[in-house]
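The values are calculated or read from the model by the stated rules, or taken from the named source; none is laboratory data. Keep in mind that this is a model prediction, so the values were computed, not measured. Every residue, glycine as well, gets a Cβ built from its backbone with ideal geometry; the counts of neighbours run over all protein chains shown. Just so you know, the surface numbers come from the protein's heavy atoms only, side chains and all, with ligands and any DNA or RNA stripped out. Shrake-Rupley method; radii C 1.70, N 1.55, O 1.52, S 1.80 Å.
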Amino acid sequence: QLRGALKNQTNFMNVMLSGMTGAMNSDAMRKQQEAAQKAMRPGSIAGMALGVAPAMPQISGEEMQRGMQQAMTDPWVRGIEAARALEKIGDPNAAARFYVHCLGFLPEDWVPEACLQGILALGPDRAATLFEWMLADADSIVAGPMEMAGGMPSLDPKENARKPKKGEPAAGTVQIRNAALAGLGVLVGGHTLSPERSEAALTRLLGYAQGKEKEPYSRGVAAGLGRSLERRAIEPLRRLAKAQQDADTRQAALRALAVGFADEAAKKQLHGELDASDPEDQLRAAQALYEIGDPAAFDWAVEVITARRSTDTKRADIRALVVRDLVELGGEKSRAALSRALSEGPGNDWLIAWTRVALLELGDTSQLPAVEAALTKNDWNLDHRGFRSIWRAIKPFLIAAASLALTAGLAAPTVVQQVRQAVSLVGNFATGERSRYLAKVDARQGVTAQLRWQAASAIAAAHPANAERLLEQLLDDDAPPVRMSAALAIAELGAREAKGGLLRAMRLDYGAEGGIDRSPEIRAALLRAAWIRDSGAAETREMARLAAADTDGAVRFIGLAMLQPR
């Protein structure tokens, strides 16, 4: 029964139909439908005949797009968790099929690395076989199901606006092949394959590094060659680093050369791009330089964070993202740069609080009183152009999940890693809900929620004595993504430390998308995390008893199983 339920949740057509239904039932679509029905009432029709039109709701195109995108995304998030479970109970083929379809049909930033990590977890030989098939058959993998689904459009409005050139591969085909190339590089660099198979994988990578017909896959080639750590990758990477028309490929190649091979010419080019006219080019150059500890990048970060915004500037504001990049990077250099920026004074009071949250997350507990005070503030002073736009205009710094394979191999995960995997669904839901929430609220509501959900992560990382109390306060927040983030942080604190926090989090409503309630899956994830931490804790047992009486069958099954004598 369990295998059947999991397969149903990872079945391509079921996922697609669920997403399409959710998109039609999204908040924005429902408002439009209600307005249309109201306009067709007799009184409204009579009014229109007299030239008096009923008031229609103001729904932005961005809100409509985000609502539909999240409705299409949620079923795939659920499917990723189901695929992991299928692999654990001995059905790696079903899990692999889902990961490949996900790569072919979901253009979210987190998808390639999430699916790549799932494929690598199947074991090196299985993963290599799958990657080879993905390279060979990516076109047919995408074409068949696309015809069955009626030709699903891209969820990226930029992709929809751009007309594909004749003979150009579909976006899903490109994403599948790029992921396969990056994955082969991970396997080569991790020394997890036999010498013969590793050599064959490297040969495949090098083959994709040349030829005009292979240009759509240059970004995957750059990522794979960089992760391979093979000296033969240097010259192809240098050629890719000259791809002036493709910033993604150029930056991936430069990062691979600088980080993987300490290439001086690449470092010099990255230094030059810190002064590029495009803020995204600056940001990505700095991200590569951070990883090699280059002092120039940290000086650049301080200068950006403390810059004052002109009232007439049209350039994207990347200050908050630079702060977050330093947190993601971690380490003493990041902490020192943020401390310098704070002492010099960021441009507004919200950015000061944002920097304090970052320092707390990096272990500076002296920031806790100021952060705690900031959690009650709503009237932030903002610069011209607001703040929300940067989160969709600029790509954040994402440390590749698959790179774990290079450092940890395929060893058994630690308890902390198991807990994080158990609650990864909550994190994915929260990420999607954040974007959807920001598309609906004004700037001050947006920055208030952003500060609070990031503070939840910082409190979980810093583990102050009053962590549970602060996170429980955030569980009461009006914004769904803040509640999700607080629940996630409480789970990461651990079953014993969180005490009543996890019990409260189990009882909360985490909202729905397209008529599908997210709460049961979040409750199940919290319960698994508590069980992994300490199955014998009184709080964990109480959570299991709550789950055993849950209205959702799957949550009830987990609770009853946990309560069985061991």
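Values as computed for the structure displayed
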| quantity | calculated |
| --- | --- |
| Residue among Ala460, Ala467, Ala487, Ala439 that alone is under 16 Å from Ala374 (Cα atoms) and open to solvent by less than 20 Å² (accessible area, probe 1.4 Å) | Ala467 |
| Ala554 vs. criteria part of a helix (DSSP H, G or I), surrounded by fewer than 17 Cβ atoms within 10 Å (Cβ to Cβ) and not polar (S, T, N, Q) | yes |
| Filter result for Val419 (more than 20 Å from Asn381 (Cβ to Cβ), touching a residue at least 24 places away in the same chain (Cβ under 8 Å), open to solvent by less than 10 Å² (accessible area, probe 1.4 Å) and not basic (Lys, Arg)) | yes |
| Single unsatisfied condition, Ile516 versus (1) modelled with pLDDT of 85 or more; (2) under 19 Å from Arg556 (Cβ atoms) | (1) |
| Some residue of the stretch 371-385 being surrounded by fewer than 17 Cβ atoms within 10 Å (Cβ to Cβ), under 18 Å from Ser334 (Cα atoms) and at pLDDT 75 or above | no |
| Scan of the stretch 99-124 for residues that are in a loop (DSSP other than H, G, I, E, B) and more than 12 Å from Val77 (Cα to Cα), ordered by number | Pro107, Asp109, Ala121, Leu122, Gly123 |
| Residues located in the stretch 436-477, provided they are farther than 18 Å from Asp325 by Cα, modelled with pLDDT of 90 or more and of a type in the set (S, T, N, Q) | Thr448, Gln473 |
| Residues within the stretch 508-530 that are open to solvent by less than 60 Å² (accessible area, probe 1.4 Å) and either without any contact (Cβ under 8 Å) to a residue 40 or more places away in the chain or touching a strand residue (DSSP E or B) at 6+ places or on another chain (Cβ under 9 Å) (or both), tallied | 11 |
| Residue in the stretch 173-181 that is surrounded by 15 or more Cβ atoms within 10 Å (Cβ to Cβ), farther than 28 Å from Val142 by Cα and touching a helix residue (DSSP H, G or I) at 6+ places or on another chain (Cβ under 7 Å) present | no |
| Tally, over the stretch 241-272, of residues that are open to solvent by 20 Å² or more (accessible area, probe 1.4 Å) and either closer than 20 Å to Leu184 by Cα or touching a residue at least 60 places away in the same chain (Cβ under 8 Å) (or both) | 6 |
| Close pairs (9 angstrom Cβ cut-off, 6 or more residues apart or separate chains): under 13 Å from Glu230 (Cα atoms) and touching a residue at least 60 places away in the same chain (Cβ under 8 Å) in the stretch 195-210, open to solvent by 20 Å² or more (accessible area, probe 1.4 Å) and not in a loop (DSSP other than H, G, I, E, B) anywhere | Ala201/Glu132 |
| Among the residues listed as Met148, Met152, the single one being farther than 24 Å from Gly432 by Cβ, among the aliphatic types (A, V, I, L, M) and at pLDDT below 85 | Met148 |
| Candidate set from the stretch 97-111 (those that are under 20 Å from the mean Cα position of the chain (by Cα) and modelled with pLDDT of 85 or more); member that is most open to solvent (accessible area, probe 1.4 Å) | His101 |
| Complete set of residues in the stretch 53-88 that are modelled with pLDDT of 65 or more and exposed (fewer than 13 other Cβ atoms within 10 Å of the Cβ) | Lys88 |
